[in-house]
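First comes the structure, then the notes that go with it.
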């Protein structure tokens with residue numbers, strides 16, 4: 001018997017898509033295919049002038065730029081919000097008979113056939129873990145769609161009319177809040193730590209969003225958790241079979257740094273074992289798996305000094321994981337738009353592992369107020385002088401580590417641009 005899915009769009013239904021990003025455009029195209037009348041909203045009117053959006057207008061999509069108003073949602077049967085728009089924020093625009101709020105992931109899920117779905121979430125490690133899982137499945141000879149929050153919207157897969165053996169997706173708390181019937185055959189929740197406090201009302205809301213991954217699972221499904229999740233998982237009445245990923249040395253040949261990645265490898269293996277992957281295939285995938293860009297990515301080694309790009313580190317907990325990955329002195333680059341977390345909780349680890357910290361960009365006062373008596377600190381307005389400062393004092397055997405513990409939006413368009421800038425600066429040192 002197949003899984004229960006929410007209702008599909010009927011021909012002539014009005015569907016409002018909020019946000020002209022990649023997932024919003026994919027959702028709009030899927031809704032068009034199903035015969036809906038589609039209205040696309042974006043606060044940034046310039047976003048509605050791009051070629052893909054103009055093409056949608058030619059297919060009958062109504063485009064509305066500027067601030068949202070209640071009349072933009074009037075008569076809608078479905079609203080598909082951008083992943084970056086809190087579901088609660090929609091309440092200001094909806095009438096007494098609100099439409100169904102359906103995230104792009106939930107929408108696409110309703111149009112899948114019977115492909116098994118493996119979904120990974122967590123505060124940190126989810127991109128590496130879902131990518132490892134896809135590699136293990138491929139090593140077993142399975143065809144895989146890899147997407148979701150990692151890049152390619154699930155709606156694009158549905159629209160492609162291709163068929164794979166397994167759908168593997170990364171899914172965020174934002175996306176999960178707009179899911180009602182999404183039900184993976186295998187759900188993986190690696191960890192939960194303070195994050196997105198500028199989006200979620202509190203940690204309870206954030207945690208509950210993560211656990212929505214399992215709310216529709218039955219006894220024939222599998223829930224994989226990181227070992228730190230045992231107490232929290234016990235508070236939820238989960239129907240699925242539960243297993244926990246410990247940090248093991250199961251896979252001896254791996255290019256991934258740190259104990260946290262050994263746990264990520266184990267979580268991927270437990271998920272894939274349920275889908276028929278042998279340990280030998282998993283080991284082969286791990287041995288051939290290259291670290292993902294901007295995630296403890298080794299840039300190069302100059303005169304015995306290792307330069308590592310961990311620009312994807314946007315939380316305090318991710319910084320802890322990064323520091324624990326090294327047994328050599330760390331010269332640390334931190335700074336950017338702070339998203340929340342307890343810097344004081346890292347004081348002992350920073351004092352033990354870090355030789356000095358070069359701050360750059362925003363949040364200087366937050367780091368200095370907590371760490372100033374723990375480790376030598378300096379501050380620079382941008383990344384370039386901060387890198388040069390650490391490089392000038394680094395000694396053989398040190399690690400110069402970009403692991404900012406913040407988002408990048410003070411100086412960059414995203415963590416990718418920040419990481420690429422770091423790599424460019426490091427390459428210019430040699």
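The values are calculated or read from the model by the stated rules, or taken from the named source; none is laboratory data. Source: prediction; values computed, not measured. Cβ placement follows ideal geometry from the backbone for every residue including glycine, while neighbour counts extend to all protein chains displayed.
Examine segment 142-150 for a residue that is closer than 23 Å to residue 292 by Cβ and more than 20 Å from the chain's Cα centre (by Cα), and state whether such a residue exists.
Within segment 142-150, one or more residues are closer than 23 Å to residue 292 by Cβ and more than 20 Å from the chain's Cα centre (by Cα).
For segment 262-289, the candidate set comprises residues that are without any contact (Cβ under 8 Å) to a residue 40 or more places away in the chain and over 18 Å from residue 325 (Cβ atoms); within that set, the residue that is surrounded by the fewest Cβ atoms within 10 Å (Cβ to Cβ) is 280.
Anything in segment 257-288 that is under 18 Å from residue 224 (Cβ atoms), assigned to a loop (DSSP other than H, G, I, E, B) and touching a helix residue (DSSP H, G or I) at 6+ places or on another chain (Cβ under 8 Å)? List them, or say none. The answer is 275, 277. Whether a residue is out of contact with any helix residue (DSSP H, G or I) (no Cβ under 9 Å at 6 or more places or on another chain) and closer than 23 Å to residue 306 by Cα was assessed, and residue 424 passes this test.
Are any residues in segment 275-301 at positive phi and under 23 Å from the mean Cα position of the chain (by Cα), and if so, which ones? Matches in segment 275-301: 294, 296.
Counting only helices (runs of 4 or more DSSP H) that fall entirely inside segment 347-429 and contain at least 3 residues that are surrounded by 16 or more Cβ atoms within 10 Å (Cβ to Cβ), in contact (Cβ under 8 Å) with a residue 12 or more places away in the chain and assigned by TED's automatic domain parsing to the domain that holds residue 306, the qualifying elements are 364-371, 383-393, 415-427. Annotation note: Cβ proximity below 8 Å between a residue of segment 51-65 that is assigned by TED's automatic domain parsing to the domain that holds residue 25 and without any contact (Cβ under 8 Å) to a residue 12 or more places away in the chain and a residue that is surrounded by 17 or more Cβ atoms within 10 Å (Cβ to Cβ) and part of a strand (DSSP E or B) (sequence gap 6+ or interchain) occurs for 57/63. The single condition among (1) assigned by TED's automatic domain parsing to the domain that holds residue 179; (2) modelled with pLDDT of 95 or more that residue 127 does not meet is (2).
Residue under question is residue 111, and the condition is that it be in the same structural domain as residue 222 (by TED's automatic domain parsing), in contact (Cβ under 8 Å) with a residue 24 or more places away in the chain and out of contact with any helix residue (DSSP H, G or I) (no Cβ under 6 Å at 6 or more places or on another chain); does it hold? Show your work before the answer.
Working: in the same structural domain as residue 222 (by TED's automatic domain parsing): yes; in contact (Cβ under 8 Å) with a residue 24 or more places away in the chain: yes; out of contact with any helix residue (DSSP H, G or I) (no Cβ under 6 Å at 6 or more places or on another chain): no.
Considered against the rule, which asks whether it is in the same structural domain as residue 222 (by TED's automatic domain parsing), in contact (Cβ under 8 Å) with a residue 24 or more places away in the chain and out of contact with any helix residue (DSSP H, G or I) (no Cβ under 6 Å at 6 or more places or on another chain), residue 111 comes out as no.
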